[in-house]
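Accompanying notes for the structure given below.
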Amino acid sequence: MPASSQSNFLYGAAVRTPALITDHPYQELVARYCDLVVPEGELKWASVQAKRGVFNFDKADAVVDFAKRHGIGVRGHTLAWYAALPAWTKDMASRQEAERVLEQHIRTVVGRYAGTIRSWDVVNEPFPDDPRSSHDLRKSVWLEQIGREYIPLAFRIAHETDPAARLFINEYDIAFAGSRFKSKRDALLGLVRELVNNKVPIHGVGIQAHINADRQIDSVGLQEFLHAISSLGLEVIVTELDVIDFSLPADIQLRDALVAAKAYEFLDVVCGVAAPPAVLTWGITDKYTWVPIYFTRADKLPNRPLPFDRNMRPKPLYSVIEYFRYRGRR
Ligand code: XIL
């Protein structure tokens with residue numbers, strides 16, 4: 001995923017169906033601004049293999065077709081995660097069975113889009129909050145059935161299926177100040193180091209960056225983390241940027257300014273170390289955002305976490321992204 005010669009990094013966003021098919025202004029916005037898209041849920045297990053052994057790619061294909069029509073690249077999200085699993089995965093009764101299921105899923109999904117989806121979040125959110133060490137993995141059917149070997153296994157199968165694909169481990173809560181966030185960085189770094197030492201085909205780390213506007217960014221901690229990842233020869237990309245505004249003041253101008261300032265603080269650290277190859281926001285317009293599912297505001301006002309407002313007009317957050325995207329270039 002090289003950044004184009006005119007910009008420091010590719011910009012992209014998570015997109016969702018059916019809006020991408022039905023909402024014309026939304027389609028125009030995505031087509032105009034995105035170098036990359038990632039399906040917000042359409043490639044998760046629950047969407048692709050709701051019924052055991054029956055694969056359905058209708059929704060994922062709709063995103064991929066849209067991207068192809070507009071010359072936009074596609075990232076894949078996600079192959080081994082604790083969430084968005086269909087209920088039948090609970091019926092897996094042995095390590096062998098779970099390995100077979102994981103392998104078949106990854107081969108089928110990655111294989112279908114080989115050459116089209118050039119980068120994958122292979123493992124998503126492997127750690128719990130406040131992990132004690134890199135061995136303290138988040139509970140999931142994969143961990144229960146396979147043990148921590150599910151991680152290298154997922155990477156190896158993805159790599160075998162599409163050797164050209166760039167493979168990432170993706171995690172949240174990486175940027176903040178405080179001991180539980182340092183624990184997350186340390187655990188992730190420990191795991192990534194182990195994978196690299198064991199010659200597991202991993203190419204980078206995705207920093208989700210759902211940035212809670214209340215929390216402080218740990219500039220030094222984040223810088224150290226970024227340097228450590230890059231000294232292992234891996235890339236860092238920003239995969240799911242948005243600013244969680246649930247406790248910011250109601251006033252829209254002020255709120256948008258504070259959201260933008262928070263993103264500035266984060267991107268300034270990231271881009272100060274090295275421009276990442278790509279920055280993606282988790283959604284592009286406030287019209288379609290996951291944030292209210294978990295972070296509804298007490299005053300019931302709609303959240304404004306994304307670079308464009310509900311009417312597809314750019315907000316200060318977009319100016320911040322654009323600033324870093326073109327800094328030093330024009
Ligand atoms: C979220 C989607 O945006 C929601 O629509 C869905 O209901 C739940 O999942 N981290 C991730 C994403 O890696 O997959 C999550 O997406 C948001 C947090």
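Read-outs: derived from the displayed coordinates by stated rules, not from any lab. Given the structure is predicted, the values throughout are model-derived calculations rather than measurements. Here the Cβ is made from the backbone with ideal geometry for all residues, glycine too, and neighbour counts use every protein chain on show.
Could you pull out the residue among ARG327, ARG297 that is more than 16 Å from the ligand (Cβ to nearest atom) and either surrounded by 16 or more Cβ atoms within 10 Å (Cβ to Cβ) or closer than 16 Å to GLN253 by Cα (or both)? Steps first, please.
Values: ARG327 fails: either surrounded by 16 or more Cβ atoms within 10 Å (Cβ to Cβ) or closer than 16 Å to GLN253 by Cα (or both).
Result of the check over ARG327, ARG297: ARG297.
Matching residues to (1) more than 16 Å from the ligand (Cβ to nearest atom); (2) within 22 Å of SER231 (Cβ to Cβ); (3) within 20 Å of the chain's Cα centre (by Cα):
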| residue | (1), (2), (3) |
| --- | --- |
| SER140 | no, no, yes |
| GLN145 | yes, no, no |
| GLU149 | yes, no, no |
| ILE174 | no, yes, yes |
| ALA187 | yes, yes, yes |
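Within the range 256-279, how many residues turn out to be in a loop (DSSP other than H, G, I, E, B) and either in contact with a strand residue (DSSP E or B) (Cβ under 7 Å, 6 or more places away or on another chain) or without any contact (Cβ under 8 Å) to a residue 40 or more places away in the chain (or both)? I'd like the intermediate steps shown before the answer.
Restricting attention to the range 256-279, the residues satisfying the condition of being in a loop (DSSP other than H, G, I, E, B) are 274-277.
Applying the additional criterion that residues be either in contact with a strand residue (DSSP E or B) (Cβ under 7 Å, 6 or more places away or on another chain) or without any contact (Cβ under 8 Å) to a residue 40 or more places away in the chain (or both) yields 276-277.
Residues in the range 256-279 being in a loop (DSSP other than H, G, I, E, B) and either in contact with a strand residue (DSSP E or B) (Cβ under 7 Å, 6 or more places away or on another chain) or without any contact (Cβ under 8 Å) to a residue 40 or more places away in the chain (or both): 2 in total.
Just to verify a result, which residue in the range 215-240, among those that are touching a residue at least 60 places away in the same chain (Cβ under 8 Å) and within 16 Å of the ligand (Cβ to nearest atom), is farthest from the chain's Cα centre (by Cα)? Per the criteria, the residue is ILE237. Kindly indicate whether any position in the range 210-229 is surrounded by 19 or more Cβ atoms within 10 Å (Cβ to Cβ) and among the polar types (S, T, N, Q). So far as the range 210-229 goes, no, none of its residues is surrounded by 19 or more Cβ atoms within 10 Å (Cβ to Cβ) and among the polar types (S, T, N, Q). Helices (runs of 4 or more DSSP H) fully within the range 18-96 that include at least 3 residues being surrounded by fewer than 17 Cβ atoms within 10 Å (Cβ to Cβ) and away from the ligand (no atom under 16 Å from the Cβ): 24-33, 58-69. The residues of the range 136-155 that are surrounded by 18 or more Cβ atoms within 10 Å (Cβ to Cβ) and under 23 Å from GLY233 (Cβ atoms), listed by number, are ILE151, LEU153, ALA154, PHE155. Filtering the range 266-294 to residues that are surrounded by fewer than 16 Cβ atoms within 10 Å (Cβ to Cβ) and within 11 Å of the ligand (Cβ to nearest atom) leaves PRO292, ILE293, TYR294. Mind checking whether some residue in the range 279-295 is within 30 Å of ARG118 (Cα to Cα) and among the basic types (Lys, Arg)? Among the residues of the range 279-295, at least one is within 30 Å of ARG118 (Cα to Cα) and among the basic types (Lys, Arg), which makes the answer yes. In the range 58-74, is there at least one residue being basic (Lys, Arg) and under 28 Å from LYS139 (Cα atoms)? The answer is no; no qualifying residue exists.
If you check ASP173, ASP136 for being under 26 Å from SER247 (Cβ atoms) and out of contact with any Leu (no Cβ under 9 Å at 6 or more places or on another chain), only one passes: ASP173.
The set of residues in the range 280-330 being touching a strand residue (DSSP E or B) at 6+ places or on another chain (Cβ under 8 Å), farther than 17 Å from LEU258 by Cα, of a type in the set (A, V, I, L, M) and in a loop (DSSP other than H, G, I, E, B) consists of ILE284, MET312.
Which one of ASN212, ASN198 is within 16 Å of the ligand (Cβ to nearest atom) and not β-branched (Val, Ile, Thr)? Break it down into steps so the answer makes sense when it comes.
On the way: ASN198 fails: within 16 Å of the ligand (Cβ to nearest atom).
Of the residues listed, the single one that is within 16 Å of the ligand (Cβ to nearest atom) and not β-branched (Val, Ile, Thr) is ASN212.
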